[in-house]
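Notes for the one structure printed next.
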Amino acid sequence: MITMVRVGVFCAALSLFPMPAAGADTGAVAEVFDCNFKDGKGWTDWERVSASFFDTVRSIGGDTADFTTYIWRPFRGNAEVDYIWASYSPHLRGMANGWSGYYGSGRGEAVDRQWEEIESCRSRIVGVEQIYDSSNYPPAGAGREGFAEIYRCRLRPGKTLADLRAGISVWHDHVERLDARFDVYLHLPLISEQDDDHSYLVAHGSTAAFGANASRYLTHPDTASITTLLNELQQCRTSLWRTELIYRPE
């Protein structure tokens with residue numbers, strides 16, 4: 001499961017994401033906003049402004065409309081936001097071209113002002129890598145709603161991204177043997193005002209699917225040693241979210 005500029009100022013980059021050679025495109029990227037409604041504002045206002053936003057990007061077209069957006073609403077865990085907005089683009093160049101079209105149209109600033117009236121958001125741009133792709137996800141007949149685990153993590157002192165990738169490789173072999181029925185994405189900061197080194201999104205088809213997947217994973221005898229290995233590499237905060245696909249290119 002796993003855009004457009006909405007609200008926010010991007011700060012210093014943390015370069016954990018491996019960039020390709022000069023002249024090439026990056027891999028997939030996402031623009032992620034952690035948002036809280038302002039006093040007296042809520043989902044009715046959000047529906048109105050999001051409709052205005054998507055009408056605008058569709059009418060501009062091209063790279064401006066070439067992204068896929070999900071919102072994540074807190075379910076369990078220490079979530080300090082009303083929701084997360086995540087817009088995924090094929091690469092950074094396309095995302096930036098989309099911004100040019102959005103603001104060059106003369107309409108982007110007006111829509112941004114509508115967002116600013118109803119909410120405040122912290123923002124970041126991340127590189128996106130799919131680190132597990134289940135042949136059984138998404139499930140047949142899946143709709144626009146789903147369920148996700150989010151892990152926001154920091155590397156342990158002395159550990160590197162190379163160490164993390166080695167640990168992920170061990171974990172990947174384990175979940176592949178389990179035929180785990182979820183998809184997993186690794187997010188690595190490109191431009192961020194937050195202090196996480198990396199994060200994971202584990203996408204499930206539903207709350208029931210999460211329960212079945214998590215039970216199968218946690219009760220397997222090999223899982224404990226892999227959990228110990230990963231805990232030696234990173235320290236993570238975990239939360240559960242309801243997810244909804246709200247836009248994709250036509």
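None of the figures in this text is laboratory data; all of them are computed from the coordinates on show. Since the model is a prediction, treat every value here as computed from it, not as a measurement.
The calculated 222 nm mean residue ellipticity attributable to helices in the chain amounts to -10500 deg cm²/dmol, summing -39500 (n - 2.57) over DSSP H runs of n ≥ 4 and dividing by all residues.
With only Cα atoms counted, segment 129-240 has Rg and Dmax values of 14.2, 45 Å. For q values of 0.12, 0.14, 0.16, 0.20 Å⁻¹, compute log₁₀ I(q)/I(0) with the Debye formula on a Cα-only model of segment 89-159, without solvent. Log10 I(q)/I(0), no solvent term: -0.67, -0.87, -1.03, -1.13. Applying 0.36 nm per residue to the separation of residue 113 and residue 237 and subtracting their alpha-carbon distance, the gain on full extension is 41.4 nm. Here the contact order of segment 29-127, divided by its residue count and restricted to Cα pairs under 8 Å and six or more residues apart, works out to 51 percent. Remark: the chain projects, on average over all directions, an area of 14.2 nm² (convex hull of Cα atoms). Put simply, the amide H of residue 198, placed in the peptide plane, has neighbours under 5 Å in 153, leaving out anything fewer than 5 places away on its chain.
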